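Down below is the structure, laid out as structure tokens.
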There are 2 protein chains.
Amino acid sequence: MRPAARNRLDPYPSRCTETPDVLARNDPVVYGRHDRDAPFAAGQLVRYERDGFLILEPPFETAELALLQAELERLRASVGASDFVIAEPGDSTLRSIFRVHELSPLFRRLVRDARLVRRAEYLLGGPVYVHQTRLNYKPGLRGKEFYWHSDFETWHVEDGMPRMRAVSVSIGLSENTEHNGPLMLIPGSHRDYIACVGETPSHHYRESLRKQEYGVPDPDILAALTRRGGIKSVVGPPGTTVMFDCNAMHGSNGNITPQPRSNVFIVYNSVHNALQSPFGPEKPRPEFLAARLSFEPLEPIAGKLPPGADDGR
Amino acid sequence: MRPAARNRLDPYPSRCTETPDVLARNDPVVYGRHDRDAPFAAGQLVRYERDGFLILEPPFETAELALLQAELERLRASVGASDFVIAEPGDSTLRSIFRVHELSPLFRRLVRDARLVRRAEYLLGGPVYVHQTRLNYKPGLRGKEFYWHSDFETWHVEDGMPRMRAVSVSIGLSENTEHNGPLMLIPGSHRDYIACVGETPSHHYRESLRKQEYGVPDPDILAALTRRGGIKSVVGPPGTTVMFDCNAMHGSNGNITPQPRSNVFIVYNSVHNALQSPFGPEKPRPEFLAARLSFEPLEPIAGKLPPGADDGR
């Protein structure tokens, strides 16, 4: 049964009925034309369109990666408790730092890197801006799982992102193995919109960043998605980079291995897809989770990450 | 610092000091001679001795496996709450059924199967008996992790198993993938005895079967073990069988995939290694966790698992 939309203009209603549902995606996956100027190798766009994600050859060189890793450690050591620092459920271990592109000149430079921006622009068919950034730390020995979800479902309901026209980039800053709770994606899941049951209380976002209780997909639908598409883990050495569609179903298991897992996460949104009022609760979530102060296009910067970027602009 | 043994006859003291320690293993890994009659292929014994475990080509045929899977479902549907049925932490989902070789004629036959018993006898250098059996169910979507541990550490401290002369056999009854929380082993970890801190309260075993709080190895020692030996997951189709030394460090991550994971687990102990009084608490754990009513050697039974075994005896 199709959930009743809160208003007739909502193309992707969710959390407004007591039964889950699968709705058709009404948006392209790749907005750019498949031409010879595409910043992708042959076959990559077809795979992105089919699977909803693409694992890239590491786009950064070893020295650049070392800069990013050092900046990760610097931020981890220097940030105190704050609205945009989230801990593991059940303890105070740092889990995520948001808005790192405003906290750190190096990450400010990273989000403008032409190797990332040109690809995002191509996939989304035009200029892009940064919707969200964060550093994720999954500690060893007691890293918690993160249950299956579509980012778009949350961004649509809670943040007012109107259409599926955003792409996430995750750059591994540690080794990701099959054992330490890597990102898992369900290939092909981006082609359906999984409408979830229930409603969304206000101000639940702090807990939901630790552990999801809203926007949770139905078990039978999840089982059907994995029967159809299987599951793919993103594993590889530090620097391994994945781009995935905003509606790709993903999650991760816990991590009892001693090897922590960390990554930097950037969400590019099309300037033609700027946030509106949320489709769910009246009050939008804060700026660090969903930028709405400015939708100015990013100016891509060519070349390698400069060693000096962490001490100036 | 070597922990003070509770008595000077304890070769493997644990949970009796406030500092963890690594003690040398003072027992063989393979007790049998490496001769041409060994029920192992060339190289397998060397690998078992080096790694502390061995993944076998599935020793059971498809029809036999179907019998075991059907019996698993029958037991799951028919057992009620009981001392030897353990649920997932935080909910009532069935996690393990113990003493299945006494609950079920088919599993009674399985533990005597010559394909298993002959191998266990060879590794342990003589007749063996069943120390413990269980069926494990790890549900999909919300299967919990099981933290690193050496079974021997618990069996020694809490059950009075004197020496390292037992082997566990785990037979997968569902597919084990890299994603659904498979058994993880640390190769080479069986060569050290990791003495744990703290003491053992009486009657804690019901909770500890859900979630460990005692006999937990030190994080730095775990990190050193994995740096040295890495981590190996046991993955494969239903029927995949692993034999592992009683002192091999192992655990498993949670499972958010929709695919449940189940296996049957049999512990063979040498009749020369029969249980004594526990080396830790005074009162031993119950019979379903650690057999001590009889140490009679098993008589191996040749041939395939008989289809009628589930309606006899």
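From the set of residues in region B:108-124 that are among the hydrophobic types (A, V, I, L, M, F, W, C) and open to solvent by less than 10 Å² (accessible area, probe 1.4 Å), which is farthest from B:E49 (Cα to Cα)?
B:L110
Would you tally the residues in region A:125-153 being open to solvent by less than 10 Å² (accessible area, probe 1.4 Å), in a helix (DSSP H, G or I) and either within 20 Å of A:R95 (Cα to Cα) or out of contact with any Gly (no Cβ under 8 Å at 6 or more places or on another chain) (or both)?
1
Look at region B:266-284 and say how many of its residues are open to solvent by less than 10 Å² (accessible area, probe 1.4 Å) and either hydrophobic (A, V, I, L, M, F, W, C) or within 14 Å of another protein chain (Cβ to nearest Cβ) (or both).
First pass over region B:266-284, keeping only residues open to solvent by less than 10 Å² (accessible area, probe 1.4 Å): B:266-270, B:273.
Still in the running and either hydrophobic (A, V, I, L, M, F, W, C) or within 14 Å of another protein chain (Cβ to nearest Cβ) (or both): B:266-267.
The total comes to 2.
Output the residues belonging to region A:159-169 that are open to solvent by 10 Å² or more (accessible area, probe 1.4 Å) and under 17 Å from A:G280 (Cβ atoms).
A:P162, A:R163
Out of the residues in region A:97-107 that are assigned to a helix (DSSP H, G or I) and under 17 Å from the mean Cα position of the chain (by Cα), state the one that is surrounded by the fewest Cβ atoms within 10 Å (Cβ to Cβ).
That would be A:H101.
Given the conditions (1) over 30 Å from A:E61 (Cα atoms); (2) in contact (Cβ under 8 Å) with a residue 60 or more places away in the chain; (3) in contact with a helix residue (DSSP H, G or I) (Cβ under 7 Å, 6 or more places away or on another chain); (4) within 12 Å of chain B (Cβ to nearest Cβ), and given that A:L225 satisfies all but one, which numbered condition is not satisfied?
All conditions are met except number (2).
Within region A:298-310, is even one residue assigned to a loop (DSSP other than H, G, I, E, B), modelled with pLDDT under 90 and open to solvent by 60 Å² or more (accessible area, probe 1.4 Å)?
Among the residues of region A:298-310, not one is assigned to a loop (DSSP other than H, G, I, E, B), modelled with pLDDT under 90 and open to solvent by 60 Å² or more (accessible area, probe 1.4 Å), which makes the answer no.
Which is assigned to a strand (DSSP E or B) and β-branched (V, I, T), of A:V197, A:V157, A:V167?
So the residue among A:V197, A:V157, A:V167 that is assigned to a strand (DSSP E or B) and β-branched (V, I, T) is A:V167.
Would you pick out the residues in region B:26-70 that are farther than 20 Å from B:G126 by Cα and part of a loop (DSSP other than H, G, I, E, B)?
Within region B:26-70, B:A42, B:G43, B:E57, B:P58, B:P59, B:F60, B:E61 meet the criteria.
Per-residue answers, yes or no, for (1) at pLDDT 95 or above; (2) among the aliphatic types (A, V, I, L, M); (3) in contact with a Pro (Cβ under 9 Å, 6 or more places away or on another chain):
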{"site": "A:L72", "(1), (2), (3)": "no, yes, no"}
{"site": "A:S92", "(1), (2), (3)": "no, no, no"}
{"site": "A:A114", "(1), (2), (3)": "yes, yes, yes"}
{"site": "A:L123", "(1), (2), (3)": "yes, yes, no"}
{"site": "A:T133", "(1), (2), (3)": "yes, no, no"}
{"site": "A:K144", "(1), (2), (3)": "no, no, yes"}
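Hey, A:P281 hits all of (1) closer than 18 Å to A:L116 by Cα; (2) modelled with pLDDT under 95 but one; which does it fall short on?
(1)
When you check A:M164 against the structure, is it modelled with pLDDT of 95 or more, among the hydrophobic types (A, V, I, L, M, F, W, C) and within 29 Å of B:N253 (Cα to Cα), yes or no?
No: the conditions fail for A:M164.
Name the single residue, out of those in region A:122-147 being farther than 17 Å from A:P260 by Cβ and either of a type in the set (A, V, I, L, M, F, W, C) or free of Cβ contacts under 8 Å to residues at least 12 places away in the same chain (or both), that is farthest from the other protein chains (Cβ to nearest Cβ).
That would be A:V128.
Search region A:170-191 for residues being part of a strand (DSSP E or B) and out of contact with any Phe, Trp or Tyr (no Cβ under 6 Å at 6 or more places or on another chain), and hand back the single one that is farthest from the other protein chains (Cβ to nearest Cβ).
Among those residues, the one meeting the criterion is A:I171.
More than 14 Å from chain A (Cβ to nearest Cβ) and either open to solvent by less than 40 Å² (accessible area, probe 1.4 Å) or modelled with pLDDT of 90 or more (or both): is that true of B:Y214 in this structure?
no
Step by step: first the residues of region A:18-56, then only those that are open to solvent by 20 Å² or more (accessible area, probe 1.4 Å) and of a type in the set (F, W, Y), then the one that is farthest from A:G198 (Cα to Cα). Which residue is that?
That would be A:F40.
The values are calculated or read from the model by the stated rules, or taken from the named source; none is laboratory data. Note that this is a predicted model, so its numbers are computed, not measured. All Cβ positions, glycine included, derive from the backbone under ideal geometry; neighbour counts span all protein chains shown. Note: accessible area is taken over every heavy atom of the protein model, side chains too, but ligands, DNA and RNA are not part of it. Shrake-Rupley method; radii C 1.70, N 1.55, O 1.52, S 1.80 Å.
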